[in-house]
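J.: Sharing a structure here in structure tokens format.
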Amino acid sequence: MSVDAVLSRIDEIRTRIDALRSEVAGGTTTTTTTGSSGAASSTAFADALSSAADDPLSASTPATSAATAAPATSVDAGKGTLATGSGATGADVVADAKKYLGVPYVFGGTTRSGMDCSGLVQTVFKDLGVTMPRVVPDQADMGVPVGSLADAKPGDLIVPKGEQHIVIYLGDGKVLHAPRPGKDVRIVDNWYKDSDIATIRRIVPSEASATPAVSAGSVASSATDLQTAALLSMMRGGAA
């Protein structure tokens with residue numbers, strides 16, 4: 001139903017409610033001006049709308065808050081926060097990183113012609129729409145910390161003490177990285193122990209959010225349901 005149709009229906013119901021109230025009060029219909037009738041009806045509607053949230057009939061269709069409808073998001077990696085704006089997950093990080101297997105190590109490189117460890121990390125996240133710093137010490141400050149290897153998820157970043165290297169954790173004890181000159185991007189068994197690690201960082205959520213997006217249509221529907229509940233409340237009050 002369109003907004004115009006809803007408003008037209010509301011006006012029609014208001015008119016009927018005014019007539020019912022007049023009949024209940026005196027048994028006859030009292031003539032009033034359009035302005036005074038509209039004001040009285042608007043006041044009654046506002047009162048009913050205010051109490052509709054507590055009405056059993058409206059409880060099944062609560063209005064959606066603006067905060068729920070518009071969660072904060074970001075595509076820039078930051079300290080102490082996840083970059084959720086791109087929609088990328090840890091699984092996406094792993095899948096994209098595997099595209100660079102076999103690329104030769106080149107110090108300072110960030111392309112398929114050659115890349116170093118932090119260049120690989122920056123490029124992978126750039127592919128996913130997430131902005132990351134260029135060098136390891138800065139990358140080691142991004143995202144949220146993960147307590148230990150036991151808590152690590154695919155897509156997390158492992159930085160050893162000294163912050164001279166960075167690897168991408170794949171899960172199942174495997175990591176992907178650009179090792180050193182003469183080597184290429186490869187997957188190997190993780191050789192780090194917790195005692196070797198300076199930090200483990202999670203840049204994007206490990207899994208997709210389970211919270212569904214709230215559409216404009218559903219918000220409008222909730223508002224219409226609340227109006228309907230308010231009108232029903234008015235009708236019951238008029239018939240009492």
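The values are calculated or read from the model by the stated rules, or taken from the named source; none is laboratory data. Not measured: the values here are computed from a predicted model. Glycine also receives a Cβ, built like all others from the backbone with ideal geometry; neighbour counts cover every protein chain displayed. Ligands, DNA and RNA are excluded from the accessible area calculation, which covers all protein heavy atoms including side chains. Shrake-Rupley method; radii C 1.70, N 1.55, O 1.52, S 1.80 Å.
J.: List the number of the failed condition for Ile187; all other conditions in (1) at pLDDT 95 or above; (2) in contact with a Phe, Trp or Tyr (Cβ under 9 Å, 6 or more places away or on another chain); (3) not in a loop (DSSP other than H, G, I, E, B) hold.
T.: Every listed condition holds for Ile187 apart from (2).
J.: Then there is this: Please list, ordered by first then second residue, the pairs with beta carbon atoms under 6 Å, 6 or more apart or interchain, first in the range 114-140 and free of Cβ contacts under 8 Å to residues at least 40 places away in the same chain, second open to solvent by 40 Å² or more (accessible area, probe 1.4 Å) and not in a helix (DSSP H, G or I).
T.: Once the first residue is free of Cβ contacts under 8 Å to residues at least 40 places away in the same chain and sits in the range 114-140, its partners that are open to solvent by 40 Å² or more (accessible area, probe 1.4 Å) and not in a helix (DSSP H, G or I) give Gly114/Pro104; Gly114/Val106; Gln122/Arg134; Thr123/Thr110; Val136/Glu163; Pro137/Glu163.
J.: Further question: Can you pull out the residues in the range 91-131 that are assigned to a helix (DSSP H, G or I) and polar (S, T, N, Q)? Even if it seems obvious, please write down each step before you answer.
T.: Pass one, the range 91-131, residues assigned to a helix (DSSP H, G or I): 91-100, 117-127.
Once the filter is applied, which keeps residues that are assigned to a helix (DSSP H, G or I) and polar (S, T, N, Q), the range 91-131 yields Ser118, Gln122, Thr123.
J.: Looking at Thr224, Thr199, Thr228, Thr211, can you tell me which residue is among the polar types (S, T, N, Q) and at pLDDT 95 or above?
T.: Checking each option against the conditions leaves just Thr199.
J.: Please indicate, with yes or no, whether at least one residue in the range 132-153 is modelled with pLDDT of 95 or more, among the acidic types (Asp, Glu) and assigned to a helix (DSSP H, G or I).
T.: Looking through the range 132-153, at least one residue is modelled with pLDDT of 95 or more, among the acidic types (Asp, Glu) and assigned to a helix (DSSP H, G or I).
J.: Taking the range 159-174, which residues are touching a Phe, Trp or Tyr at 6+ places or on another chain (Cβ under 9 Å) and closer than 19 Å to Thr110 by Cα?
T.: Of everything in the range 159-174, just one residue is touching a Phe, Trp or Tyr at 6+ places or on another chain (Cβ under 9 Å) and closer than 19 Å to Thr110 by Cα, namely Val167.
J.: Any chance the range 165-174 includes a residue that's open to solvent by 30 Å² or more (accessible area, probe 1.4 Å), under 22 Å from Ala95 (Cβ atoms) and of a type in the set (Ser, Thr, Tyr)?
T.: Taking every residue of the range 165-174 in turn, none turns out to be open to solvent by 30 Å² or more (accessible area, probe 1.4 Å), under 22 Å from Ala95 (Cβ atoms) and of a type in the set (Ser, Thr, Tyr).
J.: Of all residues in the range 102-150, which are open to solvent by 10 Å² or more (accessible area, probe 1.4 Å) and either on the phi > 0 side of the Ramachandran plot or basic (Lys, Arg) (or both)?
T.: Gly102, Gly108, Arg112, Lys126, Gly129, Arg134
J.: How many residues are part of a loop (DSSP other than H, G, I, E, B), touching a residue at least 60 places away in the same chain (Cβ under 8 Å), at negative phi and not acidic (Asp, Glu) when one looks only at the range 154-179?
T.: Here the count works out to 3.
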